[in-house]
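**Student:** This structure is in structure tokens; I'll ask about it shortly.
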Amino acid sequence: FLGCPHYFDMLLPHVPAEWAFKSIQLEGHGGSLRDFRHASREKWETQVEREIADMCAAYERVVIVAHSMGCMLTANAVVKLHLEHKIAGMLFLGAALYPKCDPPLVYTAVRMINCRSEKNDPYTAAARTCCGVDVYKISLWELFASIPRFWDLFAIARYTRRHIAAYELPMVVLQSSH
């Protein structure tokens, strides 16, 4: 729920003119928390598999940049579809291989929902900017009702951790310590 393709907007001016690119927004991201609740692991996997298959059919060489859950969905889809030979490279930013719900995350989520002023809280301001749903329309009840989607994320992470060492993919993973 903290994801949207706008993360990469600052990179687009640096993409060579002769390259094609596509930003993908996972179902349930970029809208309301209700939209997020109606998405599912199966929908995300199907969406990513379809997009990767389409890109690999249209282009001889494909480079993928992904963030968070998209990293895992991408790696799993490429291997599932046997498209490793079409992928020239993958750059994964902040792969959610070990998602956690720790006190700082909960604190920031509650501040995002309940705090209307961020001028003294740069973490809340940054979280709101990056959030894939409209945080001004979130209630604690809606957040609680979204728990199944977070369980989906944990399931995707578990699956990927078990299999990623066997993947023979050209990938670079960049992680933050925060």
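**Student:** How would you classify region 13-59 from its alpha-carbon gyration tensor, with a ≥ b ≥ c the square roots of the eigenvalues: rounded for a/c under 1.5, else prolate if a/b is greater than b/c, otherwise oblate?
**Tutor:** oblate
**Student:** A further question on this structure: Quick check on packing: order 158-171, 66-79 by the mean number of other C-beta atoms within 10 Å, highest mean leading. Kindly include the intermediate steps, with their values, before the conclusion.
**Tutor:** Numbers: 158-171: 12.9, 66-79: 23.4.
So the order, starting with the most tightly packed, is 66-79, 158-171.
**Student:** Starting from the 7 Å offset along Cα-to-Cβ, what nm value, one decimal, do you get for the label separation of Trp141 and Thr46?
**Tutor:** 3.0 nm
**Student:** Another question about this same structure. I need the shape label for region 1-105. Rule: rounded when a/c is under 1.5, else prolate if a/b > b/c, else oblate, with a, b, c from the alpha carbon gyration tensor. If you can, show how the numbers build up before the last one.
**Tutor:** On the way: a/c = 1.70, a/b = 1.43, b/c = 1.19.
In terms of gyration-tensor shape, prolate.
**Student:** Let me ask something else about it. In nanometres, what is the gap between the two model label sites at Val106 and Arg162, each 7 Å from Cα along Cα-to-Cβ?
**Tutor:** 2.8 nm
**Student:** Under the classification rounded if a/c is under 1.5, otherwise prolate if a/b is larger than b/c and oblate if not, where does region 57-108 fall, given a ≥ b ≥ c as square roots of the Cα gyration tensor eigenvalues? Walk me through the intermediate numbers first.
**Tutor:** Numbers: a/c = 4.33, a/b = 2.78, b/c = 1.56.
Cα axes put region 57-108 in the prolate bin.
**Student:** Sticking with this one: Modelling each spin label as a point 7 Å along the Cα-to-Cβ direction, I'd like the Ser177/Glu18 distance in nm, to one decimal.
**Tutor:** Placing both labels 7 Å beyond Cα along the Cβ direction yields 4.1 nm.
Read-outs throughout are calculated quantities, based only on the coordinates presented, and are distinct from any laboratory measurement. It should be emphasised that the depicted structure is a prediction, and the values quoted were computed from it without experimental measurement. In this analysis, Cβ positions are derived from the backbone assuming ideal geometry, glycine residues included, and neighbour counts consider all displayed protein chains.
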